[in-house]
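The values are calculated or read from the model by the stated rules, or taken from the named source; none is laboratory data. Source: prediction; values computed, not measured. In this analysis, Cβ positions are derived from the backbone assuming ideal geometry, glycine residues included, and neighbour counts consider all displayed protein chains.
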């Protein structure tokens, strides 16, 4: 090795820290003594860092290609490509293997004959680096070039000189000039005749077997994707014609048409834009397709049967049907929660339920919710019928242009037009190129709605410019599919309306039942109360008479219908009046007869029942059953404790029943005395509660208690139902503008103008 | 990918993976460059430089991430592009993003990188094979034996000699460039 190179080696070892300690010191002394050497070291250090930088830059550049390639994989789905075009599952993904390492910037060695069998080669052929791929002609192959061109090569797509598919190993040659620098270096021009072209990149591709060029089977062509940052409209594919002066003229332009690659139609998203995201942001499980489907399709009830119902239906009934429709969803929602799919939702439901439960008197604040639902009649509907989407989002349309990512990209725009004719345009033209339909949608056409009138949506021009084609070898039964679509959309619409109607009727019937039960219960309660009052009054008045020494044994019967008894006469009635007041207010009677000076005292003394952990129960019911009454008294809760005043003339049994979720608790005590009582409830079953209640004593009391408990149970269920309807109502209102975007847009200006007035 | 995960990848020198992922933040930088008189090639070049600055900076032991990587990268790009505009005497600049990282954080790193650009240029102009050999050996730390096999040298020794020859011609060029500056 030369002296200079030896020195470089030493410097390198020094810089990399590979010298021994002694050598290092010696070398460092040398550096200090010799400014020339010091400069050499500095230079070499910079070079090493420069190399690192060059390496990083290279890595960063290659990563961009890799990034784009990954993105393409995501966007176009390479697996779909394999299934559709290649129809074989095995894909070999090659990285480019550069076989010949000819000197950079020097002409490449070229075979004698070019792909057309003559000897003409251009400068570009000479100066562009050759990428060689060795592949099996009988296998489907996908290759990616250095600059990111992806080429799909179906099996048997190359023909030999005799026109038969080539067998065995073949060599695929690729040269590419995708970037300005490469294009200039290769001396390529972007000239077509005397016109200048804007280029998206140039590439050369040829296959050889044993040195002889193969031709591509035109019935089984290759498919290439050239990486680009943006798809520019109007790009065309030119054929390169070599000219004797070494340049290339670009001739025979063909519009670039991208074959569409069908994917599993059920894996695509045909929902209105933002639908799934909105559900997610509201805390619903947007991955549960059963739920998202049934919610979305339930809105088909906005579109009742087009022939009969629409003509007859008033705005009210359309709205009512539509609103109630979401109830079906609630059922689904419950299914979802049962499976533990939405614990959060369930927790919220139960919390609401608990809140409603305690406000017993305001359980039906302004009529039932399903009545309210029915009253919202203020809108008609404008948008795409979900039943039509359901009709195409099915296996029947696999392998058509609807089952492509490209169509999926258009759907948000289709939804935003709110015009079913736009959707129909795509479904009814499955045999056309996607870009052709895009242009059709962009232009105004038709005269009336029945005619498929559309006013023209220029936003679709952007899609038209992409030149998306059709699915190769796609489903050919296009006419049959069209009929299928019409028929299914109608059937789905009717079926959904029917289901929704049934649900609505069921809810209405429940509303009526609930109202009736509520009324009966109110009647029973007032009967019970006045009955109790009368019995207690009689008891009190008899005792008062006894104490005062009055002879009258039976007091005049009081009217049960009125609590406040108007007593205008004096005499016995005077005592009766005080007794009544005291009985009503449950306060101690302390009456002195003005004539005899005798006293009548009947004591009422307070009882306070505290229940351990009372807040942990969903609801707690405390009953007192006086031996002297035929019915019971329900004890009111005040400040976390249950308070009542006990009549000293009566002896009371106390029963306490509580619920926590599905669990039941029970406690009872005989002969309760005034004072403070602290009890801990005991967990039990509903059956045991019934047993215990049945053993309480008087048959009439047992019956009354059981009636009350049954009503409480019904009320609990009813509250749950109301919560469910409220949840549905809320969800329906939230999701409606997402499903019908034009309706959201239409209501916005109203709100704006209102704000204006304020 | 989470920012912290990316930083870990940087610490373990997985540059290819890091760069591939970080191109997710490229579109807004490209927008910024296009809105300020650049072409998309300029944007790519700028972004690659910024990736390198960030990669080196984040790889250093004392580095802590004070914002999201997205904001960090954008701020580097914005600074460098403004700088470039200034050098071309073009002053006007419109911002795309409001949020930014304090420039103090990375100015020194950008200056260091700028100095290295000369050396990098020399390496890049060496010609494909020399450049490839040097990068494979010094950057990717591939063994000479494997390099010889991959690049078609007869022996490990030939590759080694070739490596020094490449380095020597680079040194001569760099020396010439530095004295002329």
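Values as computed for the structure displayed
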| quantity | calculated |
| --- | --- |
| Lone qualifier among B:57, B:86, B:30 - being free of Cβ contacts under 8 Å to residues at least 24 places away in the same chain and either within 22 Å of residue A:62 (Cα to Cα) or in contact with a helix residue (DSSP H, G or I) (Cβ under 8 Å, 6 or more places away or on another chain) (or both) | B:30 |
| Selection count where residues are more than 47 Å from the chain's Cα centre (by Cα) and surrounded by 18 or more Cβ atoms within 10 Å (Cβ to Cβ), scope segment A:598-625 | 8 |
| Residue ID - farthest from the other protein chains (Cβ to nearest Cβ), chosen from residues in segment B:61-71 that are closer than 21 Å to residue B:112 by Cα and touching a residue at least 60 places away in the same chain (Cβ under 8 Å) | B:65 |
| Residues located in segment A:717-746, provided they are touching a residue at least 12 places away in the same chain (Cβ under 8 Å) and surrounded by fewer than 16 Cβ atoms within 10 Å (Cβ to Cβ) | A:734, A:746 |
| The one condition in (1) within 12 Å of chain A (Cβ to nearest Cβ); (2) surrounded by fewer than 21 Cβ atoms within 10 Å (Cβ to Cβ); (3) in contact (Cβ under 8 Å) with a residue 12 or more places away in the chain that residue B:11 fails to fulfil | (1) |
| Residue that is nearest to the chain's Cα centre (by Cα) [pool: residues in segment B:118-133 that are buried (at least 18 other Cβ atoms within 10 Å of the Cβ) and more than 8 Å from chain A (Cβ to nearest Cβ)] | B:132 |
| Cross-chain or 6+ apart pairs with Cβ under 9 Å, segment A:47-58 first and at the interface with chain B (Cβ under 7 Å from one of its Cβ atoms), then surrounded by fewer than 20 Cβ atoms within 10 Å (Cβ to Cβ) and outside any helix (DSSP H, G or I) | A:48/A:16; A:55/B:140 |
| Within segment A:626-641, considering residues that are within 14 Å of residue A:528 (Cβ to Cβ) and out of contact with any strand residue (DSSP E or B) (no Cβ under 9 Å at 6 or more places or on another chain), the one surrounded by the most Cβ atoms within 10 Å (Cβ to Cβ) | A:629 |
| Count - residues of segment B:104-117 that are buried (at least 16 other Cβ atoms within 10 Å of the Cβ) and at the interface with chain A (Cβ under 8 Å from one of its Cβ atoms) | 2 |
| Subset of segment B:20-61 (residues that are closer than 21 Å to residue A:53 by Cα and more than 17 Å from the chain's Cα centre (by Cα)) | B:61 |
| Residues that are in a helix (DSSP H, G or I), within 14 Å of chain B (Cβ to nearest Cβ) and out of contact with any helix residue (DSSP H, G or I) (no Cβ under 7 Å at 6 or more places or on another chain), drawn from segment A:13-34 | A:13 |
| Filter pass, residue A:446 being in contact with a helix residue (DSSP H, G or I) (Cβ under 9 Å, 6 or more places away or on another chain), more than 22 Å from residue A:299 (Cα to Cα) and modelled with pLDDT of 80 or more | no |
| One residue from A:249, A:277, A:269 being at pLDDT 75 or above and in a loop (DSSP other than H, G, I, E, B) | A:269 |
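Let's see how each residue does on (1) closer than 18 Å to residue A:16 by Cα; (2) in contact (Cβ under 8 Å) with a residue 40 or more places away in the chain; (3) not in a helix (DSSP H, G or I):
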site: B:114; (1), (2), (3): no, no, no
site: B:122; (1), (2), (3): no, yes, no
site: B:126; (1), (2), (3): no, yes, yes
site: B:130; (1), (2), (3): no, yes, no
site: B:136; (1), (2), (3): yes, no, no
site: B:141; (1), (2), (3): yes, no, yes
site: B:145; (1), (2), (3): no, no, no
site: B:148; (1), (2), (3): no, no, no
site: B:154; (1), (2), (3): no, no, yes
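A quick yes/no check of all residues on (1) surrounded by 14 or more Cβ atoms within 10 Å (Cβ to Cβ); (2) within 11 Å of chain A (Cβ to nearest Cβ):
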| site | (1), (2) |
| --- | --- |
| B:6 | yes, no |
| B:15 | yes, yes |
| B:22 | yes, yes |
| B:30 | yes, yes |
| B:36 | yes, no |
| B:41 | no, yes |
| B:47 | yes, yes |
| B:53 | yes, yes |
| B:59 | yes, yes |
